[in-house]
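The values are calculated or read from the model by the stated rules, or taken from the named source; none is laboratory data. From a predicted model like this one, the values you see are computed outputs, not experimental measurements. Here the Cβ is made from the backbone with ideal geometry for all residues, glycine too, and neighbour counts use every protein chain on show. Note: accessible area is taken over every heavy atom of the protein model, side chains too, but ligands, DNA and RNA are not part of it. Shrake-Rupley method; radii C 1.70, N 1.55, O 1.52, S 1.80 Å.
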Amino acid sequence: MGAGYRLYLASLILGLRRKRVSEIKDHQSTSNSKDAMLEIKDLHAGFEGTQIIKGISLTINKGEIHAIMGPNGSGKSTLAKVLVGHPDYEVTAGQVTFNGKDLLAMDPEQRALEGLFMGFQYPVEIPGVNNAEFLRLSYNAKLVHAGQEEVDPLDFDEILDEKMKLVGMDKKYKDRSLNEGFSGGEKKKNEILQMAVLDPKLAILDETDSGLDIDAMKVVAQGINKLINKDKGLILITHYQRLLNYIQPDFVHVFGDGKIIKSGDKSLAHELEAQGYDWLTAAKN
């Protein structure tokens, strides 16, 4: 993961840096809704010649929270990395549109500027890159992309203080290097701070609950809930139902062998908690 992952993150730094429908299955194919934000059609993708995503179709509308669950190796994190343009992953078939634009034709930094955000399962430490300065440059890059004027450091400091208060993060982390020496919970909270500052249209959070104790998970979940509204979308990738006690999904999708093998509402997550994944994966074999 190391070199490619760091190359991808570096490219972002340099470049920028609920509503219901009548049937769950509509969200596995296409949507006629004018609120459709992300539309994935028969996506196939792989890593170093190995096919991992094997025909995923999914539509996410504004204001919706979609949870993606499934066993290890089922393609959950691969989908996230493909959507944000990780250079190590190759799309071999399918289409993805984001607010009507061809997402797959965009560079990773362009996807971020268009309003796509990813919170990493394992945020990397980047010594020498000041946390507040990284956020200011990223924030200004989005302003310039939108045809607006940049904010100066003093004005941004006020904005950052407000966002740190919103997600419950101590101001002392402004002057630290990006994630350097942060605990697991602090790193995840810093990811949510980035989300708060960048104000994305669609956020993809890859196992944000991984490595967090129950108190840290509650704090992170509270921050996420404060950032979601009717105009934004959220994809939550998780192994466990416990995160969904604090962030209520509109839809739950179970991945198996690179495909969506079942979709439902939040009750599906409770079934998975009680029975595991074997009953689903066995039924598909």
The Cα extents of segment 123-279 along the principal axes, largest first and rounded to whole Å, are 55, 35, 26
Between K226 and W279, the two model label points (7 Å from Cα along the beta-carbon direction) sit apart by a distance in nm of 3.9
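Hey, how much of the P(r) for the chain falls beyond 22 Å, as a percent of Cα pairs?
On the way: 22903 of 40470 pairs.
Value for the chain (Cα pairs over 22 Å): 57 percent.
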Note, segment 224-241: 3J(HN,Hα) by Karplus (6.51, -1.76, 1.60, θ = phi - 60°), whole Hz, Gly/Pro = x, goes 5, 4, 6, 9, 9, 8, 5, 9, 10, x, 9, 10, 10, 9, 8, 8, 10, 5
In Å², rounded to a whole number, the accessible area per residue of the chain with probe 1.4 Å is 45
For the chain, the percent of accessible surface on carbon and sulfur atoms (probe 1.4 angstrom, ligands and nucleic acids excluded) is 47
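Do the sum for the chain: with -39,500 (n - 2.57) for every DSSP H run of n ≥ 4, divided by all residues, what is the mean residue ellipticity at 222 nm, to the nearest 500 deg cm²/dmol? Spell out each step's value before the answer.
Details: 9 runs with 105 residues, N = 285.
The per-residue figure over the chain is -11500 deg cm²/dmol.
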If the chain between D213 and F47 were fully extended at 0.36 nm per residue, the gain over the current Cα-Cα distance would be 56.6 nm
Taking every other residue with Cβ under 13 Å from the Cβ of E114 and scoring Lys and Arg +1, Asp and Glu -1, one gets 0
Placing each pseudo-label 7 Å from Cα in the direction of the beta carbon, N130 and D152 end up separated by a distance in nanometres of 1.5
Residues meeting the amide H criterion for I52 (H placed from the backbone, H to H distance under 5 Å, 5 or more places apart or on another chain) are A45, G46, F47
